[in-house]
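The values are calculated or read from the model by the stated rules, or taken from the named source; none is laboratory data. Please read all numbers here as calculations on a predicted model, not as lab measurements. When the accessible area is computed, the model is the full protein with side chains, heavy atoms only, and any ligands, DNA or RNA have been set aside. Shrake-Rupley method; radii C 1.70, N 1.55, O 1.52, S 1.80 Å.
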Amino acid sequence: MDSANNRQWTDRHVLVVEDDPEINRLIGDYVEFAGFHYVAALDGRHALSEMNERIPCAVVLDLMLPDVSGWEVCRRIKGDRQTQDVPVIILTALDNDDARSEGMRSGASEYMTKPFDPDQLLALLKKYAGAAVLGVEE
């Protein structure tokens, strides 16, 4: 049986894809503060593996990863029929028009740059994942 058919939706899980363990954990703390469960991935392959196991309600995605680029991770998420509706919030140090355009072309819902405003990240999580999960008004 295809493993993609065995994936389960996990309404309250947010996948954080960031190769710096300290930043990953910091973002995870914000995710948990917003009322979600934090799932960490330190590279693109791990992120894609997690997506094959469980489908999160949102993904916070760095672009500069040590193996598979964040753009490619985003394209694969958006190209998969089972995960195409998962919102992807890019959170990266790349702050230029070309990177922003490529991020949006790859299917991202939002593009944020580091250093980031935690309140803005929380607002985006609630906007994209929280309305249905937590009953948050948009």
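Just to be sure I understand: of the beta bridges DSSP finds with both ends in the chain, what percent are antiparallel, rounded to 5?
Values: 0 of 18 bridges.
Taking every DSSP beta bridge within the chain, about 0 percent pair in antiparallel fashion.
How much of the accessible area of the range 13-138, probe 1.4 Å, is carbon plus sulfur, in whole percent? All intermediate terms of the calculation are to be shown ahead of the outcome.
On the way: 2800 of 6040 Å².
Summing carbon and sulfur atoms, their accessible area is 46 percent of the total for the range 13-138.
For V60, which sequence-distant residues (separation of 5 or more, or a different chain) have an amide H within less than 5 Å of its own amide H, given hydrogens modelled in the peptide plane?
L15, V16, V17, I89
Hey, what do the phi angles of the range 90-96 turn into as Karplus ³J(HN,Hα) couplings, whole Hz, using 6.51/-1.76/1.60 and θ = phi - 60°, x for Gly and Pro?
Per residue, the Karplus-derived 3J(HN,Hα) values read 6, 10, 9, 7, 6, 10, 8 Hz.
Straight distance only, please: which lysines reach the Cα of K78 with their own Cα at less than 21 Å, same-chain residues fewer than 8 apart left out?
K126, K127
Only helical DSSP H runs with n ≥ 4 go in: add -39500 (n - 2.57) per run for the chain, normalise by residue count and round the 222 nm mean residue ellipticity to 500 deg cm²/dmol.
-10500 deg cm²/dmol
Leaving out ligands, DNA and RNA but keeping every protein chain, what accessible area does D11 have, in Å² rounded to the nearest 10, with a 1.4 Å probe?
Here the accessible area works out near 100 Å².
Taking only protein heavy atoms and a 1.4 Å probe, what accessible area per residue, in Å², does the range 1-115 have with all protein chains in place? Present the calculation step by step, with values, prior to reporting the outcome.
Values: 5720 Å² over 115 residues.
Roughly 50 Å² per residue, with all protein chains present.
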